[in-house]
Amino acid sequence: MSLTAETTDYIVVGSGCTGAIAAQTLVEAGAKVLMLDVGKQDNKYKPLIPDKDFLTIRETDQQQYRYLLGENFEAIPWGNIKTGTHLTPPRQFMLDLVDRYLQVDSENFSPLESLAYGGLGNGWGVGCYVFSKPELEKIGLDKIKMMSAYKTVSARIGISGAKDDASPYTIGELDNYQAEFEIDANAKSIYKRYLKKKQTLNKKDFFLGKPALAILTKDLGERKKIAYNDMEFYSDRDQSAYRPWITVEELKKHPNFTYISDSLVTEFTENSDRVRVKAINTNTNEKVSYTSKKLLLASGVLGTARIVLRSFQSEDKQLPLLCNPYGYIPCLQPTMLGREIERHKMGFAQLSLFHDPNQQNFDIAMASIYSYRSLMLFRLIKESPLNFVDGRIFMKYFLSGIVVMGIHHPETSSNGKYLHLNRSETAITGDKLKINYQLSDLEKQTITQKENDYIWAMQTLGCYALKRVNPGYGSSIHYAGTLPFNEQNTAYTLAPTGRLNGTHSVYVADGSGFKYLPAKGLTFSLMANAHLVAESALTE
């Protein structure tokens, strides 16, 4: 079936962070935009979650097990643990239909993809980082344009930040952000110790401060400021944390925006003045098509790679892949043991710790520091060396002093990291994405040394490492680099404007063009780049 939209100027594929921002830029410019999306939503658990803080729910709600553990106990992973099994039951709708339509074949890489309304943005940890000039240059982005785009996106989504030792690595030169959020007692204890040990830590090139987060500390439109209910991993009721579906819901109010769900875009063809997009209706598996003047792909790096490879009929073509190596280290802060945890706090990162040996804000590792409560004790107990009965008793006492440090490392391309499409007779799309991801011995050694450095820094801050956890390659959920920026019009690359080289009217608004991945969270930069790509699509 062919649905020809002759009056549509742009098709945007995907409702995640990049798709939402790109579509907003196009719509605000007056263009007629059609967004194609699968758009799965949570209609099961969302209505069950009360507008109360975590402790009140634990104390009073007789139905809490339904959304904290899941009606099928899906919060408790068994067997083969894959990226995404950590999601709480109300977030697991993000995985709906993924195994059916986005099949992956890999022995060493476990990615997280989503066909949800809002995409992976539903599980985003809302960390916002302004990349430095050297980082942007290595990625292939222009600093002046990106700084303007950062400000635009910040005004749209709302960011809270602080001026401290970490701000050169977080908000950078950004000046339009809300007041800083309140950190909890656990984090305050760490930060207080940092101020005492600052000289020692700074000599070793460690800098600690608050992260910049896409959460509101004052109301923005219909969105409410954070209530510190510690329910961020379960509910977006007050919309204090930014989710891309919030933007899409606003766009639906515009007459020049159309949203069509249940549409998995598979490929495109281009003629002189139109782009034809082919899709699968995920309700019926019927094939449909749409046309527009220009196409913006924002379907995530892996999803976009599939679409481009199918469209160019390049089954054997191998594309590069970037993914930040990631690991986490549960730590114990003894001075906080046995203390009562405050009722009102948040579950997002409390502090950010940066290690910058060259003092250049480039090619550095970073750690996000979390307190722990609302994700429940059972997730911690299985990481402890004790049996379940003893572990529960000890962890209940230790909980107020538990700190989880997640460490991200910068990433560059190498021969052992790549993907390509393989034919599959069983897959609905007719193919599977084959991924190989291997680190060199030098990369592994560098990561181990960085983790050792961070363990020392945390010990200096009064927190002692309990265990190193390597959740596997792909677990950072930071993917990029499959269609790297290139000014030479080379096939399977992007022009600096985001246009897919070899095409006239196809643009890529996600991270496919990034030639390098800083350790800092990339979502804010992805959205800024998506805004710039949309502007280019409007003017080219």
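A short reminder: the numbers here are calculations on the coordinates, not readings from a lab. Given the structure is predicted, the values throughout are model-derived calculations rather than measurements. All Cβ positions, glycine included, derive from the backbone under ideal geometry; neighbour counts span all protein chains shown.
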Query raised in the report: Going by Cβ distance under 4.7 Å, what cysteines of the chain have no possible disulfide partner?
Result: 17, 128, 323
Report summary line: Once amide hydrogens are built 1.01 Å from N within the peptide plane, the residues lying 5 or more places from residue 257 or on another chain with amide H under 5 Å from its amide H are 33
Query raised in the report: Where Lys and Arg each count +1 and Asp and Glu each count -1, what net charge lies around residue 499 among other residues with Cβ under 13 Å from its Cβ?
Result: -3
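So in the chain, what percent of DSSP beta bridges are antiparallel if you round to the nearest 5? Display every interim value, and only then the final one.
Details: 57 of 79 bridges.
Counting DSSP beta bridges with both partners in the chain, the antiparallel share is about 70 percent.
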Query raised in the report: Which of the chymotrypsin sites (Phe, Trp or Tyr not before Pro) found in segment 118-162 are loop residues per DSSP with 16 or fewer other Cβ atoms within 10 Å of their Cβ?
Result: none
Query raised in the report: Taking θ as phi - 60°, what are the ³J(HN,Hα) couplings along segment 176-182 by the Karplus curve (6.51, -1.76, 1.60), each to the nearest whole Hz, with x for Gly and Pro?
Result: 10, 9, 7, 4, 5, 7, 8
**Report entry** Relative contact order of the chain, defined on C-alpha pairs under 8 angstrom at six or more residues apart (%)
**Finding:** 23
Requested in this report: Please determine, in degrees from 0 to 90 and to the nearest 10, the orientation of helix 523-539 with respect to the longest principal axis defined by the Cα atoms of the chain, where the helix direction is its Cα long axis.
Outcome: 20
Query raised in the report: Once you put a point 7 Å from the Cα of residue 468 and another 7 Å from the Cα of residue 504, both along the Cβ direction, what distance in nm separates them?
Result: 5.5
Query - Contact order normalised by residue count of segment 210-318, Cα under 8 Å, 6+ apart, percent - result: 15
**Report entry** Relative contact order computed over segment 337-446 (Cα-Cα under 8 Å; 6+ residues apart), in percent
**Finding:** 23
Query raised in the report: So what's the net charge close to residue 341: Lys and Arg +1, Asp and Glu -1, counting the other residues with Cβ under 15 Å from its Cβ?
Result: 0
**Report entry** Segment residue 287-residue 254, extension gain: residue separation times 0.36 nm, minus the distance between their alpha carbons
**Finding:** 9.1 nm
Query raised in the report: Packing-wise, with mean Cβ within 10 Å as the measure, how do 63-73, 89-99, 502-512 rank, highest first?
Result: 502-512, 89-99, 63-73
Query - Environment charge of residue 176, counting only residues whose C-beta is closer than 15 Å and scoring Lys/Arg +1, Asp/Glu -1 - result: +1
